[in-house]
Amino acid sequence: QVQLVESGGGLVQSGGSLRLSCAASGSIFSNYGMGWFRQAAGKERESVATITRSGSRTFYADSVKGRFTISRDNAKNTVFLQMNSLKPEDTAVYYCAATSAGVVGLSTGRYTYWGQGTQVTVAS
């Protein structure tokens, strides 16, 4: 079992930046691939970025490539999402999730444990 708690969301102007954090507990963090996902109002949940257990590989949705960076600190049991050049269409609830499977890339269905989400709102 892994418990995940996101933080760092908020209201930001278009073009601004935010850094999301997700603190994990309850199991060995480095055993899990981690990912960030988002769900905008009235839309399905979508993948944003994922990172493998060691952090050696990362995957990004086309919509955020070059603007968002996922990273992890296994010593601190935390995964981060640095979001730059934010756009109004980035507005959503952002969730972090964990998978014990191998490299699953951006496949939402392979992630077993989910946080409660943090709201990101980008004003135009």
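The values are calculated or read from the model by the stated rules, or taken from the named source; none is laboratory data. Nothing here was measured: the structure is a model prediction, and the numbers come from that model. Here the Cβ is made from the backbone with ideal geometry for all residues, glycine too, and neighbour counts use every protein chain on show. Quick note on the areas: whole protein, heavy atoms, side chains included, nothing else; ligands and nucleic acids left out. Shrake-Rupley method; radii C 1.70, N 1.55, O 1.52, S 1.80 Å.
If I filter the range 29-39 for residues that are part of a loop (DSSP other than H, G, I, E, B) and surrounded by fewer than 22 Cβ atoms within 10 Å (Cβ to Cβ), do I get at least one hit? Checked against the condition, which is being part of a loop (DSSP other than H, G, I, E, B) and surrounded by fewer than 22 Cβ atoms within 10 Å (Cβ to Cβ), the range 29-39 yields no hits at all. Among the criteria (1) closer than 15 Å to V120 by Cα; (2) buried (at least 20 other Cβ atoms within 10 Å of the Cβ), the one S14 does not fulfil is (2).
Only one entry of K87, K43 meets the criterion of being over 21 Å from V103 (Cβ atoms), touching a Lys or Arg at 6+ places or on another chain (Cβ under 9 Å) and not hydroxyl-bearing (S, T, Y), and that entry is K87.
If you go through the range 85-101 one residue at a time, how many are aromatic (F, W, Y) and either open to solvent by 10 Å² or more (accessible area, probe 1.4 Å) or in a loop (DSSP other than H, G, I, E, B) (or both)?
1
Looking at V48, V64, V104, just one residue is buried (at least 20 other Cβ atoms within 10 Å of the Cβ) and not in a strand (DSSP E or B), and that residue is V64.
In the range 104-119, is there at least one residue being under 23 Å from L11 (Cβ atoms), of a type outside the set (A, V, I, L, M, F, W, C), touching a residue at least 12 places away in the same chain (Cβ under 8 Å) and touching a Cys at 6+ places or on another chain (Cβ under 6 Å)? Scanning the range 104-119, I find at least one residue that is under 23 Å from L11 (Cβ atoms), of a type outside the set (A, V, I, L, M, F, W, C), touching a residue at least 12 places away in the same chain (Cβ under 8 Å) and touching a Cys at 6+ places or on another chain (Cβ under 6 Å), so the answer is yes.
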